[in-house]
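The values are calculated or read from the model by the stated rules, or taken from the named source; none is laboratory data. Remember, it's a predicted structure, so these values are computed and weren't measured experimentally. Every residue, glycine as well, gets a Cβ built from its backbone with ideal geometry; the counts of neighbours run over all protein chains shown.
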Amino acid sequence: MTDPLKRILLFISLSFIIPFGSPGAEERHSLRSEDVLVFFDVRLDGPASEVLSVYPKLKAELEERIGWTLDFRPVVLLIRERDTFQRMAGTDLFVAFAVPRRQLIVIDHSKMRGNPFTLAITLKHEMCHLLLHHHIRKATLPKWMDEGVAQWVSDGMSELIMDKKRSVLDEVVLSGNYIRIRSLTHRFPKDKISLLLAYEESKSLVAYIHDKFGESAILALLNHLKAGDDVDAAIRNALSVSLGELESQWHRHLRRERTWFVYVASHLYDILFFLAALTAIVGFVKLMIRKRMYKDQDDEDDEEAETEE
């Protein structure tokens, strides 16, 4: 999330709370290593130490996965109060965000340790944003690729708070009301539902590229972007298809993969009601058959008794 206005507001806030000797500085502490600088709110000493501890491992994993070096020392800001983070982020939908121009990561620690968010996986996600922007010009890096790859390297976790019981992408598969990928080149929508869909589409498309073309194709695509290719040229050079063809293939894949799943999910109560009714009918039929069998048996017993007499 790198909206210019939010960045300005963020750094106005940081100018007062980060430098020591400034108003409120007594409530903020710092730890540093050769790799990372951590500023943190009071009583977040443990999480700050965790950042210093896990950062080298996460850095090594990212560099090995992407093949690029993260050769700068970022600043990580851990916020304890949710309200404070929301004022910085300008929304209540995020748990963290990165400001690549400042090599800065801001994390709402109040949301950590809640599935799926953990400090390490959230940090890795935001580090990926910094790494991509460090090697690819902002004008060249598509927003959907930036977010899709960050989710790809962080086990599908985004920085956005999503409804665990609902997938917006699943709901649009049957209708076909996708956000066109080209519309997600420079920015994501602001309204909640569209924003959720943009994140899900980004994750899904990068996962599709991985599954269909292989991990090497994602890396080739990133390297073409790094070399200065625009997104159309990068996709054609790395995948041998156009962006439009890629999007159409991905949509067809989603329809094949999710049509029945979405149908069942959207009609779950109707299906359960039908199954319950069917079970009741089957039970009733079985009961009637048993009663008929008992009646027939009784009739046979009566006939045998009469014969014996």
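Highlighted here are the helices (runs of 4 or more DSSP H) found entirely within the range 40-139 that include at least 2 residues which are more than 29 Å from residue 218 (Cβ to Cβ): 45-66, 82-89.
The rows are residues; the columns are (1) assigned by TED's automatic domain parsing to the domain that holds residue 55; (2) among the charged types (D, E, K, R); (3) out of contact with any helix residue (DSSP H, G or I) (no Cβ under 7 Å at 6 or more places or on another chain); (4) free of Cβ contacts under 8 Å to residues at least 40 places away in the same chain.
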residue: 143; (1), (2), (3), (4): no, yes, no, no
residue: 160; (1), (2), (3), (4): no, no, no, no
residue: 177; (1), (2), (3), (4): no, no, yes, yes
residue: 183; (1), (2), (3), (4): no, no, yes, yes
residue: 189; (1), (2), (3), (4): no, no, no, yes
residue: 198; (1), (2), (3), (4): no, no, no, no
residue: 215; (1), (2), (3), (4): no, yes, yes, yes
residue: 235; (1), (2), (3), (4): no, no, no, yes
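Out of curiosity, is residue 126 over 21 Å from residue 73 (Cβ atoms), touching a helix residue (DSSP H, G or I) at 6+ places or on another chain (Cβ under 9 Å) and touching a residue at least 12 places away in the same chain (Cβ under 8 Å)? No, not satisfied. Just for helices (runs of 4 or more DSSP H) wholly inside the range 147-263: which have at least 2 residues that are modelled with pLDDT of 95 or more? So the answer is 192-213, 215-226, 231-239.
Could we say that residue 202 is under 20 Å from residue 235 (Cβ atoms), among the polar types (S, T, N, Q) and outside the structural domain of residue 108 (by TED's automatic domain parsing) here? Yes. Taking residue 243, is it within 18 Å of residue 129 (Cβ to Cβ) and over 19 Å from the mean Cα position of the chain (by Cα)? Here the answer is no, as residue 243 does not meet what is asked. The condition of being closer than 20 Å to residue 222 by Cβ and outside the structural domain of residue 51 (by TED's automatic domain parsing) holds for only one of 147, 171, that being 147.
Conditions (1) of a type outside the set (Phe, Trp, Tyr); (2) surrounded by fewer than 19 Cβ atoms within 10 Å (Cβ to Cβ); (3) under 19 Å from the mean Cα position of the chain (by Cα), marked per residue:
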{"site": "70", "(1), (2), (3)": "yes, no, no"}
{"site": "76", "(1), (2), (3)": "yes, no, no"}
{"site": "80", "(1), (2), (3)": "yes, yes, no"}
{"site": "102", "(1), (2), (3)": "yes, yes, no"}
{"site": "137", "(1), (2), (3)": "yes, yes, no"}
{"site": "147", "(1), (2), (3)": "yes, no, yes"}
{"site": "154", "(1), (2), (3)": "yes, no, yes"}
{"site": "158", "(1), (2), (3)": "yes, no, yes"}
{"site": "170", "(1), (2), (3)": "yes, yes, yes"}
